[in-house]
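Read through the structure below, which is laid out as structure tokens, and then see the notes.
Values in this text are rule-based calculations from the coordinates and carry no lab data. Predicted, not measured: the structure shown is a model, and the values here were computed from it. Cβ sites come from the backbone with ideal geometry, for glycine too, and all protein chains shown count toward neighbours.
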């Protein structure tokens, strides 16, 4: 459905390199400039209904690369790990988590390991 030429991305890349501000954090500035330029170039050619999906995926990748989001929590958000063989809270005598949590999805989210920072 979508086709972007390598030549066009090369032009976008070169312009982003020229636009990046030199300084002590040149690599960070270069990465930000390239990411922004590629985002702007790509979104111009997308259908409106695909722009939000593309924006979300790019945002998730930037957050993962910067280690600002836990991969396990992102996986939970994107996939919602449904396991048919696992009993739900209503099937058990003892609750899976705190009694005030009505929704089994909240119990599953609590079970996602978060790293201690």
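Using a 7 Å offset from the Cα along the Cα-to-Cβ direction at both residue 77 and residue 3, what is the distance between the two label points in nm, to one decimal?
3.4
Apply the a/c threshold of 1.5 to the C-alpha gyration tensor of region 1-69 and tell me whether it is rounded, prolate or oblate. Present the calculation step by step, with values, prior to reporting the outcome.
Values: a/c = 2.75, a/b = 1.25, b/c = 2.21.
Judged from the Cα gyration tensor, region 1-69 comes out oblate (a/c at least 1.5, b/c at or above a/b).
At 7 Å along the Cα-to-beta-carbon direction for both residue 38 and residue 18, put a label point, then send me their distance in nm to one decimal.
With each label point 7 Å from Cα toward Cβ, the separation is 2.0 nm.
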